[in-house]
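Presented below is the structure to which this report refers.
The values are calculated or read from the model by the stated rules, or taken from the named source; none is laboratory data. Only a predicted model underlies this, so the values are computations on that prediction, with no experimental measurement involved. Here the Cβ positions follow ideal geometry from the backbone for every residue, glycine too, while neighbour counts run over all protein chains shown. All accessible areas refer to the heavy atoms of the entire protein, side chains included, with ligands and DNA or RNA removed. Shrake-Rupley method; radii C 1.70, N 1.55, O 1.52, S 1.80 Å.
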Amino acid sequence: MTDQFLPGFAEAHRLQRARYPAAEPGWQPDWQPVHTVYVPADRVSPSTVAGWGAQALGLVKEHLSGPAELAGVFGLPDAPARDVHQRVLRKLAREPIEDLRIDFEDGYGVRPADEDGHVEQAVVAVAAMRAAGALPRRWGLRVKSFADGDPGRSVRTLDGFVTGIVERVGELPPGFVVTFPKVVMESYLGQFCGFLERLERELDVRLRFEIQVEAPQTVLFLRGELAESFGGRLAAAHFGVFDYTAALGLPPHEQRLDHPACDHARHVMRTAFAGTGVELSDGSLAASPASGSAEDVYALWRRHAELVRHSLGHGFYQGWDMHPSHLVSRFATVYAFHLARYDSYRDRVRAWEERRAAGGGVMDEPATIKTLTAALHRADAALALPD
């Protein structure tokens with residue numbers, strides 16, 4: 001009946017629901033890692049996850065021996081500091097890395113004589129972690145960019161890695177994703193996705209990928225239908241602060257995640273992928289403690305926590321960690337962020353469901369209730385430890 005008076009409406013509405021599933025009533029975000037740890041391929045081993053966890057725990061035991069120290073470093077009141085301190089200790093002991101990316105790009109470099117060998121080394125490491133139950137819930141690799149002019153090297157590494165995993169393990173374990181960096185030309189996305197489809201047919205697997213927004217040119221072609229056009233394979237978009245700020249010509253001392261130029265890129269990413277279900281991740285802090293002294297470790301943690309809070313405030317619930325020390329400030333800041341408002345969010349949702357005033361003069365709209373519910377769901381996922 002509708003199409004009789006509004007020709008084309010039914011098809012437009014079908015496209016809307018397919019393109020923007022996260023805008024549908026009742027939609028909740030899936031579990032999303034709070035971070036991605038990327039490690040150069042030649043340094044990945046079966047003990048990588050455990051090693052990062054041990055180093056981070058060592059820093060906590062040396063410099064955050066109790067809640068009072070954590071409260072001082074991260075600016076928390078005593079009561080939440082006790083909760084956060086215990087959560088950080090448990091997390092580092094049980095799941096120090098939620099998302100591991102084996103890096104064959106910037107962190108690895110151009111090493112044509114070595115890359116095939118390091119692909120095999122990475123396959124062995126992943127198989128060993130899987131056998132030991134130590135493979136993170138999300139994992140994968142970052143290949144070289146097509147923008148470098150050698151797409152053959154990129155897809156050779158991807159082919160060798162995925163094929164090697166399937167042959168050695170017998171399947172592609174859950175949680176796999178491939179990161180596609182420096183997407184300067186939109187056509188590279190279609191070419192890369194075409195290769196993924198071919199690999200899927202050959203190996204009988206399902207492959208998902210994430211793009212890195214590292215070039216100003218990329219920002220100009222981001223839009224919601226990208227997710228739809230790649231058959232659901234586009235899983236996430238990750239912001240790359242250093243390549244992005246360098247491409248804009250910013251001075252070196254302004255290459256920072258909280259620069260206004262980065263805020264602009266983040267807002268474009270949020271706008272382009274709003275409602276699509278595509279996950280968003282922020283960039284990283286390219287720094288480690290200047291020394292092992294408490295003063296230098298605290299300085300690193302405070303700066304990293306400041307950037308993590310900045311990302312969270314912009315709706316980026318995931319970021320990249322580049323050093324074991326970052327795990328401490330990442331988890332402490334994420335836990336404090338979610339715990340700070342959890343009870344008030346829950347009370348407001350309950351008040352809405354019970355058709356009563358929330359108190360404090362709050363008048364929630366349905367859209368706000370949806371956001372509150374999603375925030376609680378996201379907090380539950382971030383605060384929980386896997387079985």
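Order these peptides, 220-232, 242-254, by their mean beta-carbon neighbour count within 10 angstrom, highest first.
Packing proxy ranking, top to bottom: 220-232, 242-254.
Dividing the Cα radius of gyration of the chain by its Kirkwood radius returns 0.98 for Rg/Rh.
Taking Rh as the Kirkwood radius, which is the inverse of the mean 1/r over Cα pairs, what is the Rg/Rh value for region 52-194?
When Rh is taken as the Kirkwood radius, the ratio is 1.11.
Percent of Cα pairs in region 69-109 per distance bin of 5 Å, from zero to the largest separation: 5, 20, 17, 13, 14, 10, 11, 8, 2, 0. The residue among LEU234, GLY361, LEU250 whose Cα reaches farthest toward the positive pole of the charge dipole of the chain, with charges on the beta-carbon of Lys, Arg, Asp and Glu, is GLY361. Divide the volume of the convex hull around the Cα atoms of region 188-304 by the residue count and you get 137 Å³ per residue.
Computed extension gain for ALA131 through ASP347, at 0.36 nm per residue and net of the alpha carbon distance, reaches 73.4 nm.
Packing here is the average count of other Cβ atoms within 10 Å per residue, and on that basis the peptides 62-70, 100-108, 14-22, highest first, run 100-108, 62-70, 14-22. Residues whose amide H lies under 5 Å from that of ARG142, counting only those 5 or more places away or on a different chain, are ILE102, ASP103, PHE104, THR179; hydrogens are built 1.01 Å from N in the peptide plane. Ratio of Rg to Rh for region 1-125: 1.23 [Cα atoms; Kirkwood radius as inverse mean 1/r over pairs]. Around the amide H of ASP321, modelled in the peptide plane, lie the amide H atoms of THR36, VAL37, TYR38, all under 5 Å away and 5 or more residues distant in sequence or on another chain. P(r) for region 177-228, please, calculated from all Cα pair distances in 10 Å bins and given in %. For region 177-228, the binned pair fractions read 23, 54, 20, 3 percent. Considered as an equivalent ellipsoid built on the Cα gyration tensor, region 43-103 has semi-axes of 26, 11, 9 Å, the largest given first. A simple rule links phi to the HN-Hα coupling: the Karplus curve 6.51 cos²θ - 1.76 cosθ + 1.60 with θ = phi - 60°, which for region 134-150 gives 10, 6, x, 4, 10, 7, x, 9, 10, 8, 6, 7, 5, 5, 6, x, 9 Hz, with x for Gly and Pro.
Summarising the label geometry, the points placed 7 Å from Cα in the beta-carbon direction at MET185 and LEU6 lie 4.1 nm from one another.
Of the whole protein surface, VAL37 contributes about 0 Å² of accessible area at a 1.4 Å probe radius.
Estimated translational diffusion coefficient (Stokes-Einstein, Kirkwood radius over Cα pairs, 20 °C, 1.002 mPa s) of region 98-182: 165 µm² per second.
Three principal axis extents of region 229-379 based on alpha-carbon atoms, in descending order, are 54, 46, 27 Å. Computed over the chain, the per-residue total of -39500 (n - 2.57) for DSSP H runs of n ≥ 4 gives a 222 nm mean residue ellipticity of -17500 deg cm²/dmol, rounded to 500.
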